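Coordinate-derived values only; no laboratory data. On a predicted model such as this, the values are computed, not experimentally measured, just so you know. Backbone-built Cβ (ideal geometry, glycine too); neighbour counts: all protein chains shown.
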Amino acid sequence: MDWFPTVTQLLFVLFGGMALGCAVAMVAQRNPLYSAISLVGVFVSLACLYVLLQAPFIAAIQVIVYAGAIMVLVIFVIMLLNVEEEARRPLRLTYLIPVGVLLAAVLVGEAAFMLQLGSGSARITPVAPAASDVGLTASIGTGMFTKYLLPFEVTSVLILMALVGAITLARQGRTPLLAAPGAPTEETPVLTTGRGQPAITPGDTAATGRAFAREQIEREESAAAAPAARAREAEERGEG
Amino acid sequence: MIPLTWYLALSAVLFTIGVVGVIIKRNAIQMFMCIELMLNAVNLTFVAFSSYFGDVTGQLFVFIVMTVAAAEAAVGLGIIIAIFRNRESLDVDDASLLRL
C-alpha cells in the first residue's frame, strides 16, 4: 500500500489544486470584482496549506490580514471607483509568441531540474514536520520579541509611514489637515467685498487687487470717520 | 508524508501565475492583486521551509512580508485612487505619460 496516498497528501492535492485553480481564474477574469473573489479563494486555500504545515498562527493571520483586511480594502476601492470590465484588445507582437513558448519551456525544465537536484541532495536534510511547537503563537512571539526585536520595530515604523503616505495620497485636493491641539486655528483667507461674493475671481490681476485694496481702505476710513463727524455735529447743534 | 518539493513546486507555479498576471493585465487593481499573489507564493515557500527545518525564523519572515503587503495595499490603493481621480480610468496604458 505504498502507492496509496495518505490523508495529508489528499488534502495537499485538494487545497493546492484549489489555490492553482483560483489563481488561474483570477488572471483569466476580466471583471476586477470576480478577480478579487478568486484571490480570496487563493488566500483561504493557502491558509489551509499552512495548517497542513503545522503553522496555525500564520494560517490565522493569513485569513485575518489578507482575506479580511487587504481584500476588503481592494473590494472597497473597486466598488468606489466603479471599475469597468477590461476591454478585449487585439494581440500585439504576435511574432514573439514562439519565443515566449520556448523561454517558458526552458524555465519549466530549469525549475524541474532544480527541484530534482534539491530532493536528491544530501546537504540539506529536511525532516518532515512532526508534532512540533515551531508554528505555535508562543514560539513565534518569543522569537519576535527577543532575537528579532529590531525587525519588528522597523515594521511598526513602516506601517506608520504607510499610514501617513496613504492619507496624503488619498486626500482630496488641498484641504488643510487638522490643526495641532493648542495651535491657533488658521482661518482660510477669503477676501469678500462685504456683500458675500468673493472679492478675487479667476482672471484678476495685480492691478485689480490694488484697486480692491484701495477701495477697502477708503470704505474703512469713511466708516471710522462717520461717528466722529456725527458727534461734532451734535456738539455744534447743542451750542447753537 | 508530503515531500518538500511539492510545496516548492506549487509555490513556483503560483508565483509564475502572478508574474504572468502582472504582465498581461492592464487594469491597475488586477495588477495589484497579482502582486499580492506573488507575495503569497513566497510566503508558502517560507512556511514550508520553516516547518520542514523546524526553525521559527521563516514564519517570522512571513509575518513581516504580510506587514509589507498591508502597507503596500494602503499606499498602492491610494495611488490607484489618485490616478483614477486624474485620468478617470484605471487602464495603465492611459497612464503612460507622467504629465496629464
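A few notes on this one:
- Rough spin-label spacing in nm, given labels placed 7 Å along Cα→Cβ, for A:MET161 and A:TYR34: 3.9 nm
- Among the chymotrypsin sites (Phe, Trp or Tyr not before Pro) within segment A:1-85, those in coil by DSSP and having at most 14 neighbouring Cβ atoms inside 10 Å are A:TRP3.
- Spin-label model, A:ARG88/A:VAL101: points 7 Å from Cα along the beta carbon direction are separated by 2.2 nm.
- Length added when fully stretched, A:THR205-A:VAL13, from 0.36 nm per residue minus Cα-Cα: 61.8 nm
- With Cα atoms defining each centre, segment A:66-105 and segment B:31-100 are spaced 14 Å apart in the structure.
- A cut-off under 15 angstrom between Cβ atoms defines the neighbours of B:PHE15, and their net charge, with Lys, Arg +1 and Asp, Glu -1, is -2.
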